[in-house]
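The values are calculated or read from the model by the stated rules, or taken from the named source; none is laboratory data. If you're wondering where the values come from, they're calculated on a predicted model, not measured in any experiment. To get the accessible areas, we keep the full protein, side chains included, count just its heavy atoms, and leave off ligands, DNA and RNA. Shrake-Rupley method; radii C 1.70, N 1.55, O 1.52, S 1.80 Å.
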Amino acid sequence: MFSDTFYGTAITSIPENLFAGIRGAPADSMFARTFYNAALTEIPADLFSGIQGAPAERMFDRTFSDTAITEIPADLFAGIRGAPAEYMFADTFYGAAITSIPANLFGTLNGDGAPNMFERTFYNCANLTTVDGPLFSGTITPAGGMFRSTFNNTALTEIPADLFSGIQGAPAESMFTGTFMGTAITEIPDGLFAGIQGAPASSMFNETFRGCSRLQSIPENLFAGIQGAPASSMFYDTFSQCTQLQSIPADLFAGIQGAPASYMFYDTFSSTAITEIPADLFAGIQGAPANYMFDSTFQNCTQLQNIPADLFAGIQGAPANSMFYDTFSNCTSLTGPSARTNGQYLYEIWPYVINDMNTYSNATGLSDYDQIPDDWK
């Protein structure tokens, strides 16, 4: 109804009663890009007060994106009640000048989650530092891509422990892809994903904390509710480029039990400051190798000192394409032996590999580096 109405205009304010005559249930894309890239500096508290009913697809897609608004009224979406709709808040405040998000901004939502419902909602809000408590007071089940890049590339310094307290259910594909990527957080609260309980989903934590250069630690129970067999790309790039991250909790993946999946730990801890790897970090991974399963997992961890014996003890069977590709490449501080299982080097267990793996490229301090086959370095 109002798609693109004031898109790119020089208006600086909105009359409080602008949509006073619009009453009833939402419609698809009804306010898509309405004020996108306008010169706005504030939003009236009752702007959408007449809109009462169940959410509609893309209803607030880019509504206030790239504006100069600094504050979001606490009850802006109070009339929107019920089960979420796809892309309903996609890019709503993308690139806006807001500095904080009021608690329970989406508190009236309840029911089955919808794919991509909060995709990039606050993406690139360079001044955003604070979220005031939980976003939801209702209960919402996970859905694919629901928090894709929601807070990506913001100045967020702290994550409320109850931020996702209303999200309850089994993991969904790509649900936290890039959610906090590139933020200024220094820690992750205990129980952040406590409501997520069930078997892994593919790409579920893809790039979730990637590039959080101030992050220093990971809580031990962060993924405690994730229980079941590995899924493809499940921890793809999750903590990569967290350049101040120094340690990995011993039981971080304790609930992951089963046969390897492709790309399951691709780049997970690459370019971090970790100095050691817990001996049983992958103890639950048991079965035949999968393609690229540990591709670049610890690549560029230049402060890593050694590789614990039997780190990959559960992996048994015929080799898979690039299964240890770049796993420890550029780990220039490594000493002692390369990875072994029951005293046998990986390259002895799998003397014939599919493609060059570069597993130990530039890890010249390893005691057996000279005898490592060229395909492995």
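Observations
- With N as its number of residues, the stretch 183-240 has a Cα radius of gyration that, divided by 2.2 N^0.38 Å, comes to 1.13.
- With every protein chain in place, the stretch 46-165: carbon and sulfur % of accessible area (1.4 Å): 40
- Rolling a 1.4 Å probe over the protein chains gives S137 an accessible area of about 90 Å².
- When Cα Rg over 2.2 N^0.38 Å is computed from the coordinates, the matching label among [x] 1.12; [y] 1.22; [z] 1.16 is [x].
- Stokes-Einstein diffusion coefficient of the stretch 44-194, Kirkwood radius over Cα pairs, 25 °C, 0.890 mPa s, in µm²/s: 163
- nm² value of the averaged projected area, convex hull over the Cα atoms of the stretch 41-132: 5.0
- Centre separation in Å (Cα based) which lies between the stretch 142-184 and the stretch 113-141: 7
- Remark: the stretch 107-113, residue by residue, has Karplus-estimated 3J(HN,Hα) of x, 8, 7, 6, x, 5, x Hz, where x stands for each Gly or Pro and the curve is 6.51 cos²θ - 1.76 cosθ + 1.60 at θ = phi - 60°.
- Close amide H pairs (under 5 Å, H built 1.01 Å from N) link I101 with T130, V131, D132, residues at least 5 positions away or on another chain.
- Around the amide H of G258, modelled in the peptide plane, lie the amide H atoms of I285, Q286, all under 5 Å away and 5 or more residues distant in sequence or on another chain.
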